[in-house]
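Reading through the structure tokens given below for one structure.
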């Protein structure tokens with residue numbers, strides 16, 4: 001039985017990857033940070049009974065800032081594969097906590113690589129490092145001749161998050177070359193799902209649209225509507241992570257869809273999933289969106305209602321306007337083909353958040369009924 005160790009297992013990618021590896025028969029170990037609150041919602045359906053001898057998922061308390069802890073866990077688990085998905089991955093927040101981001105996202109990668117080397121596991125353990133499209137910084141002059149970013153394009157990170165991740169990228173590459181380790185970078189472009197964190201723009205959008213459609217919220221505030229991203233589904237991307245570590249040779253890979261969409265169009269697509277059509281008026285910080293039609297009897301919003309405004313506080317100090325990845329290498333050499341397009345992704349996210357918000361409505365109604373009975 002193969003053994004995998006996942007940092008960031010409680011996150012979006014970690015939970016989908018754990019599902020995939022368990023389906024493939026792996027023993028899966030996950031590292032989670034200690035918290036006074038339960039933070040395992042995304043993997044609770046996988047983690048049933050820690051006392052069951054047949055349980056193939058085991059969690060360990062740990063942190064990417066603690067090298068001794070990481071070394072102990074790697075020594076105890078003796079993993080065949082390590083997937084380093086743990087990170088402080090919110091670009092905007094990284095400007096507020098740059099030192100922390102550097103410690104976790106940059107040096108955390110080094111701590112894992114060095115632990116594997118010191119334990120003498122460099123011939124046994126294959127390492128996947130979660131890299132990011134933020135390495136490129138969106139500079140148009142750094143694209144390839146087809147107008148995309150691929151594995152050969154130069155980097156120019158424009159956030160503390162991107163800078164920290166560029167250290168992680170190069171130290172992974174350095175250890176691969178210096179110690180002949182099987183260590184790979186997956187340069188992931190934006191990937192979303194119903195499990196995406198609520199503060200990331202796509203999930204912020206789908207949650208707000210679901211609430212607006214159900215009458216629980218009036219409007220949504222966003223930042224740069226012109227920003228364009230290459231959005232894929234996290235399920236497709238974690239499958240590629242696994243494929244990367246099964247390849248004969250350790251390499252670095254771009255994981256992307258090759259299609260770019262503006263934040264504005266993502267908003268429009270999300271509202272269309274509940275039958276609501278929008279019209280955008282104004283420019284820049286004065287741009288707003290208004291309801292022009294409601295084509296689903298279950299989700300009726302007043303025609304002409306303003307449902308979106310721009311809030312300049314959500315702008316980044318250095319903005320990346322366009323990210324578009326070239327997955328040609330992954331498709332040609334590993335045969336990776338995404339199962340979701342952007343429409344399928346938005347549909348999946350909207351269905352998840354409509355279900356979630358309806359549950360909240362039902363709980364609210366139940367609470368009102370209990371209060372009436374008490375009175």
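The values are calculated or read from the model by the stated rules, or taken from the named source; none is laboratory data. From a predicted model like this one, the values you see are computed outputs, not experimental measurements. Note: ideal-geometry Cβ built from the backbone for every residue, glycine included; neighbour counts use all protein chains shown.
Annotations for the structure displayed:
- Selection count, region 332-349, where residues are without any contact (Cβ under 8 Å) to a residue 60 or more places away in the chain and under 21 Å from the mean Cα position of the chain (by Cα): 1
- Counting the residues of region 310-356 that are in contact with a helix residue (DSSP H, G or I) (Cβ under 6 Å, 6 or more places away or on another chain), within 29 Å of residue 288 (Cβ to Cβ), at pLDDT 95 or above and part of a helix (DSSP H, G or I) gives 5.
- Residue 62 falls short on exactly one of the conditions (1) surrounded by 13 or more Cβ atoms within 10 Å (Cβ to Cβ); (2) in contact (Cβ under 8 Å) with a residue 24 or more places away in the chain; (3) more than 25 Å from residue 104 (Cβ to Cβ), and that condition is (3).
- Entirely in region 187-293, the helices (runs of 4 or more DSSP H) that have 3 or more residues that are touching a strand residue (DSSP E or B) at 6+ places or on another chain (Cβ under 9 Å) and closer than 18 Å to residue 150 by Cβ: 234-246
- Scanning region 261-311 for residues that are at positive phi and surrounded by 12 or more Cβ atoms within 10 Å (Cβ to Cβ) yields one hit, 275.
- Condition met for residue 71 (touching a helix residue (DSSP H, G or I) at 6+ places or on another chain (Cβ under 7 Å) and either closer than 23 Å to residue 239 by Cα or surrounded by 22 or more Cβ atoms within 10 Å (Cβ to Cβ) (or both)): no
- Some residue of region 119-140 being out of contact with any strand residue (DSSP E or B) (no Cβ under 7 Å at 6 or more places or on another chain), touching a residue at least 60 places away in the same chain (Cβ under 8 Å) and on the phi > 0 side of the Ramachandran plot: yes
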